[in-house]
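Inspection log for the structure reproduced underneath, given as structure tokens.
Laboratory data are not the source of any read-out in this text; all were calculated from the coordinates shown. In this text, all values refer to a predicted model and were calculated from it rather than measured experimentally. Here Cβ is always computed from backbone atoms with ideal geometry, including for glycine, and neighbour counts include all displayed protein chains.
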Amino acid sequence: MKLSFWVFVQFLDQKETGEVRLALMRANTGRRTFFRPVTVRHSDTVQATVFCIRMVDCVFPERGVTFLELWYDNAWVVDQRLELT
């Protein structure tokens, strides 16, 4: 099954630039698929940076639980549970 969707991200960092990567991780296997890195420039390091990333034609091999993970500068930050029924 292929799905396209938007990911809304809002966060702040004390550095002026950083690298965001999104990954899909299957709950039953722990297998991850990483997507291309996106460089983020924080114009004001005391205010949150807001942006959206469009995920196009993401392949979900089977129904079940998948986690959409946010990685920042090669460190896991947060995930969002997605359940395909």
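Tabulated results
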item	result
Farthest toward positive dipole pole in the chain [+1 Lys/Arg, -1 Asp/Glu at C-beta], among Val9, Leu22, Val77	Leu22
Size of electric dipole in the range 2-84: Cβ of Lys, Arg +1 and of Asp, Glu -1, about Cα centre, debye, nearest 20	340
Rotationally averaged projected area of the chain (alpha carbon convex hull; nm²)	5.5
